[in-house]
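Please read the structure below before turning to the comments.
The values are calculated or read from the model by the stated rules, or taken from the named source; none is laboratory data. None of these values were measured; they are calculated from a predicted model. Cβ atoms come from the backbone with ideal geometry, glycine included; neighbour counts cover every protein chain shown.
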Amino acid sequence: MGLIAREIEAAGLPTVSMTSAWDITEAVAPPRAVYFHAPLGHQTGPAGEPDTQRDLVARALEAGVSIEQPGEIRALDLRFPDATGWEATAYTPEAIPMSPDGKPNRGAPREPRA
Amino acid sequence: MARPADAVPYIERTRALYARQAPYRWVVHDLEHEPPPWTPIRSSLASSRVALISSGGVHREDQEPFHFRNDVSHREIPADTPASRLRVSHFGYDIRDAARDPGCVLPLRALRELVDRRVLGAIAGPALSFMGGIYSARLVRDDLAPRLRDLVLRQQADLAYLVPA
């Protein structure tokens, strides 16, 4: 996503990027990034909490547009409401649905049918 | 700009996860020698048209799902689409929460509410959605990024809000 942010910004449209992966964002260096400490798939908040999501998005945009130093990552003072230690297994074979060769990982969740 | 102590080391874990594949080559820009491009922000949020781009793999129920790995296609999702009409397909993260509530990765509802409250001016156009985790930086650079750039520029937005998964 950082490459896309750079491409858009270079064309004259300002960008604000969310991130929960500080190290990747630091490497790719988009123009303005806002860090929210959350598991992948929750960059704009926990499921089923629309008020939390709206407030988070508002705070992220406000923080993002206040960045003046190109490449800055601004950390939001907000915590994902899950203190179960999800960080330990984030992005490990147990935690993602498919392996890179397309085979479902053990215990992989299936997309629910509508 | 210190990395938070509890930030997950995704680069290290990606290398471990994909150890049997050709090495994933991270795009690295040195802030000193390849600083990000910079366009000053000229309008307040309350008067801004905001464009939304998400890599969470969200699509409308009547659109084709994303396929695994190196799918660089995109979907346009009208800004007034209710969450009940959205689906998620993505190989690279646990999609259970996003499938239940796409607002986790595609915050259209949040943006609509912020427009209603006059925190934002408007949603500039349909959300541009794709599936991240694209292994080929070349495909992103040569195909996806310029395509999304051209689409978002047509929305006459003042600000683009990019939400990865």
Could you pull out every one of the strands (runs of 3 or more DSSP E) wholly within the stretch B:17-90 that has 2 or more residues that are of a type outside the set (A, V, I, L, M) and more than 21 Å from A:PRO93 (Cβ to Cβ)? B:49-54, B:58-60, B:74-77
Scan the stretch B:12-46 residue by residue and report those that are within 19 Å of A:GLU72 (Cα to Cα), surrounded by fewer than 16 Cβ atoms within 10 Å (Cβ to Cβ) and of a type in the set (A, V, I, L, M). B:VAL27, B:VAL28, B:LEU31
Taking only pairs six or more apart or across chains, which ones have beta-carbon atoms under 6 Å, a first residue in the stretch A:12-37 that is among the charged types (D, E, K, R), and a second residue that is surrounded by 24 or more Cβ atoms within 10 Å (Cβ to Cβ) and in a helix (DSSP H, G or I)? A:ARG32/A:GLY64
So for the stretch A:43-61 (the condition being of a type in the set (Gly, Ala, Ser), in a loop (DSSP other than H, G, I, E, B) and at pLDDT below 95), does at least one residue qualify? no
Scan of the stretch A:11-38 for residues that are in contact with a Ser or Thr (Cβ under 7 Å, 6 or more places away or on another chain) and part of a loop (DSSP other than H, G, I, E, B), ordered by number: A:GLY12, A:LEU13, A:PRO14, A:PRO30, A:PRO31, A:ALA38
Please find, among B:TYR135, B:TYR93, the residue that is closer than 29 Å to B:TYR18 by Cα, facing chain A (nearest Cβ under 7 Å), assigned to a loop (DSSP other than H, G, I, E, B) and modelled with pLDDT under 95. B:TYR93
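Is it the case that the stretch B:113-131 has a residue that's touching a residue at least 40 places away in the same chain (Cβ under 8 Å), closer than 23 Å to B:ASP71 by Cβ and at the interface with chain A (Cβ under 7 Å from one of its Cβ atoms)?
If we filter the stretch B:113-131 for residues that are touching a residue at least 40 places away in the same chain (Cβ under 8 Å), which is where we start, we get B:118-131.
Imposing the further condition that a residue be closer than 23 Å to B:ASP71 by Cβ reduces the set to B:125-131.
If we keep only those that are at the interface with chain A (Cβ under 7 Å from one of its Cβ atoms) too, we end up with none.
So far as the stretch B:113-131 goes, no, none of its residues is touching a residue at least 40 places away in the same chain (Cβ under 8 Å), closer than 23 Å to B:ASP71 by Cβ and at the interface with chain A (Cβ under 7 Å from one of its Cβ atoms).
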